[in-house]
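Just below is one structure, and these are the notes that go with it.
Read-outs: derived from the displayed coordinates by stated rules, not from any lab. Note that the coordinates shown come from a computational prediction; the quantities given were computed from them, not determined experimentally. Note that we place each Cβ from the backbone using ideal geometry, even for glycine, and neighbour counts take in every protein chain shown.
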Amino acid sequence: MVEDRSISGRIYAAINFTLLALIALITVLPFVHVVAGSFTTSAELAAHKFVLIPRIWSWDAYKFIFSTNTIFRAMGVSIGVTLVGTLFSMFITSLMAYGLARRDLDGRNVINFMVVFTMLFTGGMIPTFLVVKELGLINTYASLILPSAISAFNMIILRNFFQNIPEGLEESAKIDGCSDFGILFKIVLPLSMPAIATISLFYAVTYWNTYMSAILYLDDSTKWPIQVLLRQIVVLASGMDHSSTLDGTVPPPDQTIKMAVIVVATLPILMVYPFLQKHFAKGALLGSVKG
Amino acid sequence: MQEVTVQPGAAPPLRLEKKTRSSELKKRLWRNKWLYVMLLPGVLYFIIFKYLPMYGLIISFQNYKPYQGIFGSEWVGFEHFKRLFTEPEFFNILWNTIVLFALNIFIYFPIPIILALMLNELRGNFFKRIFQTLVYLPHFMSWVIIVSISYVMVTMDGGIINELLSYFGFEKINFLLSNGWLRPMYIIQVIWREAGWGTIIYLAAIAAVDPGLYEAARMDGAGRMRQVWHITLPTIRGVIITLFILKIGHVLDLGFEHVYLLLNSMNRQVGEIIDTYVYTAGLRQGQFSYSTAIGFFKSIIGLIMVMLVNRISKKMGEEGVY
Amino acid sequence: MKKKSFSMLLTVLLAFSLVLSACGGGEKSKEATADPTPAPSNSNEEVSTAPEEPTEITIMLPLNTSETPPDTIKKEVEKLTNTKLTYQFFPADTYEEKLNTSFATGSLPQVTYLKNSTTFVQMKEAIKDGQFWEIGPLLSEFPNLNKLKPEILNNTKVDGKLYSLYIGRPLARQGMIYRKDWADKLGLSAPANVDELFEMAKAFTEQDPDGNGQKDTIGIVDRNELVYGAFKTVSAWFGTPNYWGTKDGKLEPEFTFEGYYDTMDFFKKVRESGYMNQDFAATSKTDAVKMFTSGKAGMYIGGSMQDIDSLHKDLIKNVPEAVLDTHSMVAGPDGNFAQWMIPGYNNIVLFPKSAVKDEAELRKILAFFDKMMTPEVANVMYWGIEGVHYTVVDGKAKPSSEKELIEREVKGYKDSVIGEAETNGMYESYNELPGRIHAEELLLENVKVGVADPTAALDSVTYMEKGVELQQIITDATYQYMYGQIDKAGFEKAVSDWKSRGGDKIIEEFNAAAK
């Protein structure tokens, strides 16, 4: 953005900056609390309500969660599923979104409506389970990916972005002898990098958060992704399970362990965003191609 | 702006007489054959994983017993719907759901847009990226964590906010156990968790703005505010409308976890929504049919809303979602 | 539905599009090269064919620990019982979903643990329908299973027939855990009756028991639970029946009894006077425990008194000089003692007919459980491996100091041991903490004045269908009464609401079943 050196411009920028800094601070504080909590002792946490900088430092929580290979294995599964799943989903989503973005396609409205319809109506857990079972996907990693391969929401958003690409570009590519596939991969996708980055991120986060599919479709707990471990610890440690009984045999895990697990399970997916951020600045591309 | 987006309706320039129409259609179909091939995996996906299992909705009209299966269970017609509509609390629950949804639409929904515009106005890529990353963090905290952190902050038993209030001589406020505070707490938590995350999609849309347009506007002496209003906002209008339509479909579908965690005996009067009711009355008692029937009802209302808003948006010359 | 053809098709499509995507033979697009089609690995049910001797058993059970335990214990149990076991743990939090889905799709394994008595109530209909094996007649063939307590087995019967084995729990473990150091300092003894209980709560709040010069302590800490929080335990002290009581020879729900009102009045007074946490209706167990272990609260009522060990461990980290004790003998206004009792089990195991093909197979599985009820096996599953996870002191099991090791390797199996120490012969726990030793004595005392739930073995169709939903009305009204939002008339209105929306039917059905 071009600098605006006028006084009103500066005031505008300063107000904007201050506001955003404030918002960022508010959003980040609880996170700091969680990170700080993971590096201290449970006694310190119990004594001070909202720890931001621990007075007593401790690595115990991390030692505990890293003392077996469960978390590494679960992390490996999650990273694998997220990578493969995101690529796969992006691929078939882009194909579909592009097809439906083309206004000269007969029947596109019917298909669009059918897609929207699935956002509202679902058959439920049991029939879906049966489909997954019939396809022979039970106990395979594919069961974490295929049943949620396309998000109707993501597809519609991507289609919207594709629709905004000037049709003239596609026309001229066609004249140059490009196939429809060629147009998609050579012209539409490169011009839609911000959208591609966004939707990839959405998919990646969805795959990273996979929980219920794993519980339903994977009987073998060694195949479980990180979210199962995370949720299990968080739920146990938060005492939020209302059906909990009078059971003294299982005291909940330490709060510090809960926080350490949150940190460990969130960090990898957090790191995705900064990598995608650079694509958000590529809007200029569109202008230049057109010009 | 007009140069960037192609207006709808300009598309197929084919308004021919009936005779040539079918041959034209064939021609078009053949020409677009690869496009249909592209659609194939997606369409297959939706058929197999979405439409095939939809027979599960049948159980809304049955007294479904897992061991009798969908095809063996007793048919009861609209029995479960009747039960829902004659539930003494039904209208209260429906109202509560709509109020929370309205808060979502009128308070939460515009915030990511404003935030995205503000982020876009930041000078310098460094701060832009830092802030962007920071505001998007909360999305990765589960509701359990967020609710338990807010508990620590607002409880009467030594919560920070109440301690501050009483330190400055104010009366303590019973945030957790009052009908009045449930909704504000709910929407604040929603904003806190989702606003930053919600900006991403708008930032992507903003990235498509042709910088040349700003240049031109500046030449015309337009200030920053006016540039935002006349260039940035119109560019992302399509995305805003699409998101709005998709959101309106979830009018009764707020999700169970967040509200359930906030709910207690003292605020159930305003806090019980359809999804939490399904949990207590249906799922926790293994009432599959009743739960499914309620889900069915939610979906129908959602569908009506989507169709309605979609039509309005098309009438106003926008694209709509289908 | 053609198996796997879908992913095959996708693979073909992807390859296809790869060829087509380039125009003029440029570089290939990145998306396409990352062909991710996840081929179903088909590792389904790869049970290695072991030499025919060991029985292969697949077991599904809720996971109550942070992660699935490693095979250490399992291997030991397999050796001892000559079995090949496959344990399928699923998070307790979402166990019902898994259970329901597996059940509806016929994929329950041979041995299915439920989650708690609520899931048991849900399953009763299916049990009646004959979806699970009846094991009653076979029990006498197994000497150890035959030792299971008949009164508890009775509580788990459905229509008078036995379908399940139970995981035993002491009948009445609840009571209060309190700060003995505070009581001593203020010259108070353990409350002998409900008035003294109130006085203790008052003193703990007002007399600065922690001696820091600030009025920053409270008497009682409670949480958002009427049953497993303080309410039900105190209500028993006030003489309220256990869920259901008899009035004029007829079963009536507890909330129509005098004692229930007295209990509500008690908590109302305690809360209004500021002697308990003000937000208890919204306080989770973790937060309640935290309030106690941080030294803010003096009495933790309603939980298992055996929890004193873990409370003590956390408390002394914050307040090194703290001393805890347990107590449960609090007399009601009429001077009588009473404790409510659970039906003696925590969970049950079922054997689905869809997975256990015939009686021969069922016998083999029951044989495994029969062996589980020997001291050797029960000890391994409950305490772990001697010398590693525990040592034997005075004929009792003393857990090793490596708490994390126990939590990781043993705890997951603990909740699956059939029976209880008296029937399966496993070690009792060796306790060092005086309060815990006291707790074990009180456990026995409690049972002497224990009040059982008269409906434990009874069925009511309406209760099965609407019980939880209706209970919500009463729960809400109870809290609202304690918070002073409704008065007696308001509460009675809620009760009549309960009755008109199905409660009357429940009363009728239970009374009919009791005959």
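Overview of values
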| item | result |
| --- | --- |
| C-alpha long axis of helix A:226-238 to longest principal axis of chain A, angle in ° | 40 degrees |
| Contact order normalised by residue count of chain A, Cα under 8 Å, 6+ apart, percent | 28 percent |
| Long-range tail of P(r) for the protein assembly as shown (Cα pairs > 48 Å, %) | 33 percent |
| Of C:Lys98/C:Lys371; C:Lys79/C:Lys161; A:Lys258/C:Lys317; B:Lys172/B:Lys247; C:Lys185/C:Lys296; C:Lys290/C:Lys466, pairs whose Cα-Cα distance is over 25 Å | C:Lys98/C:Lys371; C:Lys79/C:Lys161; B:Lys172/B:Lys247; C:Lys290/C:Lys466 |
| Those trypsin sites (Lys or Arg not before Pro) in segment B:228-274 that DSSP places in a loop and that have at most 13 other beta carbons within 10 Å | none |
| Sequence-distant aspartates and glutamates (8 or more away, or on other chains) whose Cα lies within less than 15 Å of C:Lys250 | C:Asp453, C:Asp504, C:Glu508, C:Glu509 |
| FRET efficiency estimate (nearest 0.05) - Cβ-Cβ, A:Leu267 to B:Asp220, R0 41 angstrom | 0.30 |
| Computed over segment B:79-315: relative contact order in percent, which uses C-alpha pairs under 8 Å that are six or more apart | 29 percent |
| C-alpha long axis of helix A:152-163 to longest principal axis of chain A, angle in ° | 40 degrees |
| Amide H partners (placed H, <5 Å) of B:His250, local residues excluded | none |
| Fewest-first sequence of A:Thr18, A:Thr68, C:Thr263 by Cβ atoms within 10 Å of each Cβ | A:Thr18, A:Thr68, C:Thr263 |
| Amide H contacts of C:Trp133 (H built 1.01 Å from N, under 5 Å, at least 5 apart or other chain) | C:Phe351, C:Lys353 |
| Chain C: projected area of the alpha-carbon convex hull, averaged over directions, in nm² | 32.9 nm² |
| MRE, 222 nm, helices only [DSSP H, n ≥ 4, -39500 (n - 2.57), over chain A, to nearest 500] | -20500 deg cm²/dmol |
| q = 0.09 Å⁻¹, segment B:79-315: log10 I(q)/I(0) [Debye, one scatterer per Cα] | -0.52 |
| Ascending count of other beta-carbon atoms within 10 Å, so fewest first, for C:Ile127, A:Ile56, B:Ile130 | A:Ile56, B:Ile130, C:Ile127 |
| Rg/Rh ratio calculated on Cα atoms of segment A:7-58 (Kirkwood radius) | 1.30 |
| Residue order, fewest to most beta carbons within 10 Å, for A:Asp104, A:Asp60, A:Asp180, C:Asp358 | C:Asp358, A:Asp104, A:Asp60, A:Asp180 |
| Relative contact order [Cα under 8 Å, 6+ residues apart], segment C:200-352, whole percent | 30 percent |
| Rounded tilt (10° steps) of C:434-448 against the dominant C-alpha axis of chain C | 90 degrees |
